[in-house]
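Here is the structure we will look at.
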Amino acid sequence: FVLDISSSMLDKGTTSNKNLDDNKAIDMVKAVNSAITELMKNKNNRVAIELFNSYTKDLLPLGHYEAKNSNEYLKYIHDTKNNRGKIELNIKNMNGSGIIYNNLNGGDDNNYVGTFTQGGVTKGAKLLTGPQTVDGIKSVPVMILVTDGDPTHYIDSNNVKQPTAINGWGILRY
């Protein structure tokens, strides 16, 4: 899974109103939990999770996992102290989390609020090019990208991260 944790994931629906208790990140966590629950029913299935905002983060390495409780592999947490959202692993013997920075906070948060989809997909693709046979079992790699919108950063031909202009470099809307 490649998951968007940009600040717009704190929006409710299609509005740009931040709502830390009812937002797209909560819906994403519910959907991903449901998918992982189904995948983990087969002992041969494995999952990994990459997160992206303006940067990328490895959250969960490729493996077969068991939730700590109630088929919730991920938890969304409302960080009231810092006015942010947080996605946290809820997997036996694993720790890790990703912060959803809030552009309403300004300051350092604004370094992490963008949508670097290319970075997330690139990191996820590296998992797909790894060994396809583990313990004698051949796997069929699949990437599931969950995002809410247009990328705001891209890597140019000189390998430099650039801001994306809407309807500019490679953004198609239908």
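Where a number appears in this text, it was derived from the coordinates with a stated rule and is not lab data. All values derive from a computational prediction rather than experimental measurement. Using ideal geometry, Cβ is built from the backbone for each residue, glycine included, and neighbour counts are taken over all protein chains shown.
Report Rg (one decimal) and Dmax (nearest whole number) for region 86-140, counting Cα atoms only, units Å.
16.5, 50
Would you please name the trypsin sites (Lys or Arg not before Pro) within region 68-151 that are DSSP coil residues with at most 12 other C-beta atoms within 10 Å of their C-beta?
Lys81, Lys92
Most mobile of Glu72, Glu88, Glu38 per a Gaussian network model of the chain (Cα springs, under 10 Å)?
Of Glu72, Glu88, Glu38, the Gaussian network model singles out Glu38 as fluctuating most.
In terms of modelled amide H atoms, which long-range or inter-chain residues lie less than 5 Å from the amide H of Val2?
Sorted by chain and number, the residues that satisfy this are Glu50, Ile144, Leu145, Val146.
What percentages, rounded to whole numbers, describe P(r) for region 43-95 computed over all alpha carbon pairs with 5 Å bin width beginning at zero?
It works out to 5, 16, 24, 25, 17, 9, 3, 1, 0, in whole percents.
Which whole-number percentage describes the relative contact order of region 13-118, with Cα contacts under 8 Å and a sequence gap of 6 or more? Can you show the working numbers first?
Working: 160 pairs, mean separation 24.2, N = 106.
Taking the mean separation of contacting Cα pairs over the length of region 13-118, I get 23 percent.
Report the extension gain between Thr122 and Leu62 in nm, rounded to one decimal, defined as 0.36 nm multiplied by the number of residues separating them, less their alpha carbon distance.
Stretched fully, the Thr122-Leu62 segment lengthens by 20.1 nm.
If I model a spin label at Asn158 and Asn103 as a point 7 Å from the Cα along the Cα→Cβ vector, what separation in nanometres do I get?
Inter-label distance under the simple model: 2.6 nm.
Could you pull out the pairs from Lys75/Lys126; Lys57/Lys86; Lys41/Lys68; Lys75/Lys138; Lys30/Lys126; Lys24/Lys161 whose alpha carbons sit more than 21 Å apart here?
Where the Cα-Cα span goes over 21 Å, the pairs concerned are Lys75/Lys126; Lys75/Lys138; Lys30/Lys126; Lys24/Lys161.
Which whole-angstrom value gives the distance between the alpha carbon centres of region 11-80 and region 81-160?
11
Suppose only helical runs count, i.e. DSSP H with n ≥ 4. What mean residue ellipticity at 222 nm does that imply for the chain under -39500 (n - 2.57) per run, divided by all residues and rounded to the nearest 500 deg cm²/dmol?
-5000 deg cm²/dmol
How much net charge surrounds Ile137 when only the other residues with a Cβ under 13 Å from the Cβ of Ile137 are counted, with Lys and Arg +1 and Asp and Glu -1?
Computed value for this residue: +2.
Relative to the Cα centre, what is the charge dipole magnitude of region 40-174, using +1 at the beta carbon of each Lys and Arg, -1 at the beta carbon of each Asp and Glu, and rounding to the nearest 20 debye?
So the magnitude is around 400 debye.
Hey, could you get me the Stokes-Einstein D for the chain, Kirkwood radius over alpha-carbon pairs, 4 °C and 1.567 mPa s, rounded to whole µm² s⁻¹?
Details: Rh = 17.0 Å.
Estimated diffusion coefficient is 76 µm²/s.
As a test of the definition: which semi-axes, in Å, follow for region 1-46 when you take the square root of five times each eigenvalue of its alpha carbon gyration tensor? Largest first, please. Walk me through the numbers on the way to the answer.
Details: eigenvalues 151, 19, 7 Å².
Semi-axis lengths for region 1-46 are 27, 10, 6 Å.
Would you please put 151-159, 7-15, 111-119 in order of how densely packed they are, using the mean number of other Cβ atoms within 10 angstrom per residue and starting with the highest? Could you put the intermediate results ahead of the total?
Details: 151-159: 13.2, 7-15: 18.1, 111-119: 20.7.
Sorting 151-159, 7-15, 111-119 by mean packing, highest first, produces 111-119, 7-15, 151-159.
Give me the extension gain from Ala35 to Lys92: residue separation times 0.36 nm, minus the current Cα-Cα distance, reported in nm with one decimal.
18.7 nm
Work out Dmax and Rg for region 10-87 from the C-alpha atoms and quote the Rg first, both in angstrom.
Looking at region 10-87, its Cα Rg and Dmax stand at 14.0, 41 Å.
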